[in-house]
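Novice: Sharing a structure here in structure tokens format.
Read-outs throughout are calculated quantities, based only on the coordinates presented, and are distinct from any laboratory measurement. If you're wondering where the values come from, they're calculated on a predicted model, not measured in any experiment. Heads up, the Cβs are rebuilt from the backbone with ideal geometry, glycines too, and the neighbour counts pull from every protein chain shown.
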Amino acid sequence: MLSKLLVANRGEIACRVMRACRQLGIRTVAIHSDADAGARHVREADEYVRIGPAPARESYLDVQAIMRAVRDTQADAIHPGYGFLSEKSDLIDACAAADVVFVGPHRAAVATMGSKIESKRIARSAGVVCIPGYDGADQSLDRLYEEALRIGFPLLIKASAGGGGKGMKRVDDPAAFRDRVREARTEALAAFGDDRLLLERCILRPRHVEVQLLGDRHGNLVHLYERECSIQRQYQKLIEEAPAPHLPDAIRSRLFDAALALGRHIAYDSVGTVEFVLDADDGDAPYFLEMNTRLQVEHPVTELTTGIDLVEQQIRVASGERLAFRQTDLCRDGWAIEARVNAEVPEDGFCAAAGRITSYQEQAAPGVRIDSGIDAQSDVSLHYDSMLAKVIGFGGTRDAALARLVTGLRNLRIEGPQTNQTFLIDLVERPAFHAVLSTGFLAEQFPDGYRVPSLLAHALTAAAAAGWTCLTQRHRAHDVPLTMLIGFRLTAPAGLAATTNLHVTGSDDIAQLVRIAWTDCGALAVTLHGEVLPVTIAHVDDAAAVLEIGRRRFDVHRDGEATCVWSDGAQAICRVVPDVLYRPVSSHAARAGDRLVAELPGVVDQVLVEVGQRVKAGEPVLVLAAMKLFHTLAAPADAIVASIEVTAGATVGRGTVLLSFETA
């Protein structure tokens, strides 16, 4: 067994690997960038080493810095987690040169399966059916266009070295094909250093189902059943479950056979996943998609339904042990559903959120597992993935697992950066979640984007206004009379007026007028959009207020000028201003054609133009990275680039002017 293992990753997966190591009696080493100096995974390790600045390419993707950390700490193994270097041959080569154990499969498996082009060729040679498309060596634009016409539209353009939707474009019209190819190449080169592309027929109602494999270095290989991962946003999975619902047994058997055939063909010797696309319009006919030669984010649903600790098995296999079981020894019991909790604002186009975690609480509940990489001391950075935690519900049936998942999402309290918990709850409670799922689920259920349910949105606004009132009134009771008054009347207690108008502004930057009135019994009546919401004050102290609106409880506290509200997984961060102090924000908007403004916070990855360059409307001009997603921004009109206000590597906030233009 290994004695000391360095985890070449961060966040949730680093904490997960360290937990397995503690159970096996293995000491751990954490690595961290400057942005993660105080991160939870650093504090949970036995040792830690700084490896570079915040940008991943200068820290978590720096193989030489990681190997120096291995040498300095005398670790005898590296676990790459997922993402970053987990599927990079460079790290495997460096481990081999330093006589360090790489906790993962052999190099050839990683190298061949890491290329979408090469992996499809190998899959076909193993007898596994692939989606019709083109993955040839001729990457000229003309050849790709010819192949696109042969395949037919709609089709998908994919980066050969890609993953997570980076460099992937759907094209419905031949006229748009060449522009989408240029965009895909730009993103692929920025994300992977490889601009090779492949084309695939676009299956209009695809299901995404994957099979978990586990092999050792003695020729033994088993599958640990399948997972459904169809609910995705921008090709990033949101909900995963095992087993896959509404899956015919005949298709399930075909998936197992195909995954094992591919695994045996490449002599697979670790934890890995073979992913398939099922055509829901053709009897769930399965096609090979790709193979991930690493641990998957969604591995907990397999662990809960099989009783197999996949991280422990990875480490045991890397140590040279044989699998302790055969396929006939394995069985599956129960149901598990996982939801990814991300730092983002769903109602604002899933804009990335960042900042300090001000409160973090996990409440234990039967059948609920939470895998997290944060706590109340954590900072959420724009440099890395947006996932904060995974909530997994487990039970004897799908309904039981779903109920426990919702309980876990409601009870997980994360304050600071906004999260997608309310969105996840809304998603899984929809009737369509019980039907056959497809990757078009979100587009079908939220065709105009996500909006917080109006009743909840109104209650959050009302709670912000009522909580602000309670806390302000309590605070001002200790102040010198008259010097701190916002408004008063002779017949009411000194402090706030008996009836006060407040302006509450949330993440949408829209101020809402709220009227607060004290009732005879000391409670509050909040009027919003003409509706009166009675508010019961359960508790108030100098730090926070606890309110009840309807049957829902709201916790409210002040953080500087912000009023923060939390209730059953829902969060609102508002600015509350009394009517007498309110000044409307100027409604002047810049002309659409004279500048490019960041619509979300992020890091400038590439500036694709120069001052004086002529650009056409829709032409890519800048790539903005936010939490590992790349956003290609385009020129708003035919114009000349007048000035470039930012440089590559700069961190920008929402609303920052990036480029300015002159009329061409």
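Novice: Put +1 on the Cβ of every Lys and Arg and -1 on every Asp and Glu Cβ in the chain; which of 13, 620, 422 then has its Cα farthest towards the positive end of the dipole?
Specialist: It is 13.
Novice: OK, next. Based on the Cβ-Cβ distance from residue 647 to residue 532, what FRET efficiency comes out when R0 is 56 Å, to the nearest 0.05?
Specialist: The pair residue 647/residue 532 has a calculated efficiency of 0.60.
Novice: Taking N as the number of residues in region 595-663, what is its Cα Rg relative to 2.2 N^0.38 Å? The partial results should precede the final answer.
Specialist: Details: Rg = 11.0 Å, N = 69, 2.2 N^0.38 = 11.0 Å.
Taking the Cα Rg and dividing by 2.2 N^0.38 Å, one obtains 1.00.
Novice: Restricting to the chain, compute how many DSSP beta bridges are antiparallel as a %, nearest 5.
Specialist: Within the chain, antiparallel bridges account for around 90 percent of the total.
Novice: Over the chain, what is the relative contact order in whole percent, taking alpha-carbon pairs under 8 Å and six or more residues apart?
Specialist: 10
Novice: Among the lysines, select those whose C-alpha is under 28 Å from the C-alpha of residue 166, and discard any that sit fewer than 8 residues away in the same chain.
Specialist: 88, 116, 120, 158, 237, 390, 616, 628
Novice: Sort 644-650, 140-146, 114-120 for me by packing, meaning the mean count of neighbouring Cβ atoms within 10 Å per residue, highest on top. Write out the running numbers ahead of the final one.
Specialist: Details: 644-650: 14.4, 140-146: 12.9, 114-120: 20.0.
Descending packing order for the listed peptides: 114-120, 644-650, 140-146.
Novice: Separate question: Hey, what number do you get for the chain at 222 nm if only DSSP H runs of n ≥ 4 count, each worth -39500 (n - 2.57), divided across all residues, to the nearest 500?
Specialist: So the helix-based figure for the chain works out to -7500 deg cm²/dmol.
Novice: If we sort 249-257, 453-461, 417-425 on the protection proxy, mean other Cβ atoms within 10 Å, highest first, what's the order?
Specialist: 417-425, 453-461, 249-257
Novice: Provide the packing ranking of 436-444, 609-617, 6-14, i.e. peptides ordered by the mean count of other C-beta atoms within 10 Å per residue, highest first.
Specialist: By packing density, highest mean first, the sequence is 6-14, 436-444, 609-617.
Novice: Note the angle between two axes, namely the Cα long axis of helix 11-24 and the longest principal axis of the Cα atoms of the chain, as a number of degrees from 0 to 90, rounded to the nearest 10.
Specialist: Rounded to the nearest ten degrees, it is 60.
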